[in-house]
Amino acid sequence: MLAKIKKVELRNLKIEDYKELKKSMVKSYPELADSYWKEKDIERLLDLFSEGQFVIIADKKVVGAALSLIVPEILVDKNPDYAKITGNYTFSTHNPKGEILYGIDVFIHPDYRGLRLGRRLYDARKELCEKLNLKAIVFAGRIPNYNKYAKELTPKKYIEKVKLKELHDSVLSFQLSNDFHVMRIMKNYLAGDIDSKEFAVLLEWNNIYYDESPQLINTQKSIIRLGLIQWQMRPLINLEALFEQAEFFIDAVSGYKSDFALFPELFIAPLMADYNHLAEPDAIRELAKYADPIRKKFQELAISYNINIISGSMPYLENGTLYNVGFLCKRDGTSEMYYKIHITPNEVLHWGMKGGSQIRTFDTDCGKIGIMICYDVEFPEMARLMADEEMNILFVPFLTDTQSGYIRVKHCAQARAIENECYVAIAGCVGNLPKVNNMDIQYAQTAVFTPSDFAFPSTGIKAETTPNTEMTLIVDVDLNLLKELHEHGSARILKDRRTDLYEIKKINP
């Protein structure tokens, strides 16, 4: 029968707690006789690392504790026994400059088990690990039910069955449920542990926020601000008029400290009005001559406004072949080109465009990003390859003339956000161009989509604009939420793929 608790508290251990602590230790480890920690041991532990010692207080009684040291990673890698890793029980191995939070003990009084008090202790350790910027929590866990199966199962087989929930181990099953994974099996770990046959399992929990080489400047931010431009198609008399309009929006979103400005696909189409007397394939090739001047101008604007600019897309001639491309103009002055890979039937029919042949991600001062032009987002394989390269944000400049075309882009973009555990930002053109062939009407609603889990909006929509109205959308996205989702989400799509049955790979990496 579970104990009834009126008040429960988790706090750091104090030496005044020792008498109550001893009672719980003795009750928790009856099989280890007099092996509980003595008062002088606890006093030394508190002198060395008081911050790492936690207790659970239930109605003024100490009913559980978690004791820890900080040790160098190399000490764990040497596969020591318990005596060695604790400095022969003196805690002399504690090193504040170490990388590992090593759990030397955790227990709950038998009368208070089943109340999830142990989970509170484990969560406190995880918070401490993150706070101190330690690489991982490591500890050796006993397998006290192993003695019942030792004659028929090796320790390895026993652990596999516990993982698959075919068997239950009172210690290991709990640790696995708290996101710890098995590193290796340890022999002769704790002398006298008959129940475990002196075997133990070395377990690890990785701190996904660990920063191996923290810097004071030029650190990668976790909160990224996106400035998306829902561009109005309007007559433009020349390239300078386009630059003036583009700079207006870049100025606006950079004024709000945005890290990225995203323009739509083919937003330079109004310049094609001068070539409306030509056949469509010839007119679009005339438009391609603006690509290099736009790249150079956007590089200048990226530097002067301290913002990374994703230039939507534009026609581009390369060795006589017409592509749909865009430029990532970084605020450090460099630029990179990306291609539309999948060309729509209309682009082939009316313009004779060809798809690019390189699928890649881009490194920025805000982390790894992907860029896909419109139709590309409707092919899930591309985004998955980018996710495998640790893409966090996928940008999709698009151009759709009808609502049904937009809905394809929208729902596919939302699917990419969910299945690849990333943010997806889409930006499109609105308005009409009656004097430009094949570009007469547009429909768009710019938006930022998220994965679907508790840390994100329940709709999976972070923010969206008013449809068919020229405006900007400025949105903050938190990369730490993605890290948390990857490791601890309700569904872990990237981790749970059956790569033993299928894989996606680049043919021309």
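When the residues of the range 187-207 are filtered to those that are of a type outside the set (A, V, I, L, M, F, W, C) and assigned to a strand (DSSP E or B), which remaining residue is surrounded by the fewest Cβ atoms within 10 Å (Cβ to Cβ)?
Step one: list which residues in the range 187-207 are of a type outside the set (A, V, I, L, M, F, W, C), which gives 187-189, 192-193, 195-198, 204, 206-207.
From the residues that got through so far, the ones that are assigned to a strand (DSSP E or B) too are 204, 206.
Details: E204: 17, N206: 15.
So the residue we want is N206.
Pick out the one residue from K156, K163 that is more than 27 Å from E484 (Cβ to Cβ) and either surrounded by 13 or more Cβ atoms within 10 Å (Cβ to Cβ) or in the same structural domain as S35 (by TED's automatic domain parsing) (or both).
K156 is the lone residue from the list that is more than 27 Å from E484 (Cβ to Cβ) and either surrounded by 13 or more Cβ atoms within 10 Å (Cβ to Cβ) or in the same structural domain as S35 (by TED's automatic domain parsing) (or both).
Would you pick out the residues in the range 413-422 that are free of Cβ contacts under 8 Å to residues at least 60 places away in the same chain, surrounded by 22 or more Cβ atoms within 10 Å (Cβ to Cβ) and touching a helix residue (DSSP H, G or I) at 6+ places or on another chain (Cβ under 8 Å)?
A413, R416 - these are the residues of the range 413-422 that are free of Cβ contacts under 8 Å to residues at least 60 places away in the same chain, surrounded by 22 or more Cβ atoms within 10 Å (Cβ to Cβ) and touching a helix residue (DSSP H, G or I) at 6+ places or on another chain (Cβ under 8 Å).
If I filter the range 2-17 for residues that are in a loop (DSSP other than H, G, I, E, B) and on the phi > 0 side of the Ramachandran plot, do I get at least one hit?
no
How do the strands (runs of 3 or more DSSP E) wholly within the range 286-404 filter down when requiring 2 or more residues that are free of Cβ contacts under 8 Å to residues at least 60 places away in the same chain and aromatic (F, W, Y): which remain?
Fully inside the range 286-404 and qualifying: 321-329, 335-339.
Give the residue, chosen from K257, K289, K187, that is out of contact with any helix residue (DSSP H, G or I) (no Cβ under 8 Å at 6 or more places or on another chain), more than 30 Å from E318 (Cα to Cα), assigned by TED's automatic domain parsing to the domain that holds D363 and not small (G, A, S).
Of the residues listed, the single one that is out of contact with any helix residue (DSSP H, G or I) (no Cβ under 8 Å at 6 or more places or on another chain), more than 30 Å from E318 (Cα to Cα), assigned by TED's automatic domain parsing to the domain that holds D363 and not small (G, A, S) is K257.
May I ask you to list the residues in the range 98-120 that are closer than 18 Å to E204 by Cβ and either touching a Leu at 6+ places or on another chain (Cβ under 7 Å) or hydroxyl-bearing (S, T, Y) (or both)?
Residues satisfying the conditions are E99, I100, L101, Y102, I104, D105, V106.
Within the range 240-261, is even one residue part of a strand (DSSP E or B) and either surrounded by 12 or more Cβ atoms within 10 Å (Cβ to Cβ) or hydroxyl-bearing (S, T, Y) (or both)? Before the answer, list the steps.
Within the range 240-261, the subset part of a strand (DSSP E or B) is 260-261.
If we keep only those that are either surrounded by 12 or more Cβ atoms within 10 Å (Cβ to Cβ) or hydroxyl-bearing (S, T, Y) (or both) as well, we get 260-261.
Yes, the range 240-261 has at least one match.
In the range 454-482, how many are part of a loop (DSSP other than H, G, I, E, B), touching a helix residue (DSSP H, G or I) at 6+ places or on another chain (Cβ under 7 Å) and either modelled with pLDDT under 95 or of a type in the set (V, I, T) (or both)?
So the answer is 1.
The values are calculated or read from the model by the stated rules, or taken from the named source; none is laboratory data. Just so we're clear, the structure is a prediction, and the values are computed from it rather than from any experiment. We place every Cβ from the backbone using ideal geometry, glycine too, and count neighbours over all the protein chains shown.
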